[in-house]
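Take a look at the structure below.
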Amino acid sequence: FVGGSARILAAADLFASPDDFYLIDVRPETEYQGPGHLIGTHSYAPGDSLKLNGELATLPMDMTIAVYGNTGELSAQVASYLSLIGYDAYSITWGLGGMAVSALETARASSLSYGNPMTISNVPRLA
């Protein structure tokens, strides 16, 4: 938590080393289940689940936490809260929307550089 704002993690950095992060999806359970979530993500419902007497104790203190939602607004609030209470937490820039844009930019740059058809690889998949 620096200067009153959440620490931000670019989607490309998450894609480069996804195993370095404990991923949290803060969307409602109905959105987590369908249309889906990134494989390896843990669902923490907005509100009650991250209270001091709730599921907060299930978060690892020895891993960097990457939080995402749909747009990045709620995840920035959650990441700020987690940072304030001692976790190494980041909000993924622009949430799922930012991840989609990052994946497309990476695929486009790769296909232009090598003259290949555009494909998306090395991106976490939905479960």
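Some values worked out for this structure:
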{"item": "Met118 vs. criteria at pLDDT 90 or above and at negative phi", "result": "no"}
{"item": "Answer residue from the stretch 9-26, given it is within 12 Å of the chain's Cα centre (by Cα) and modelled with pLDDT under 90 and is farthest from Glu55 (Cα to Cα) among those", "result": "Ala12"}
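The values are calculated or read from the model by the stated rules, or taken from the named source; none is laboratory data. These figures come from a predicted structure and were not determined experimentally.
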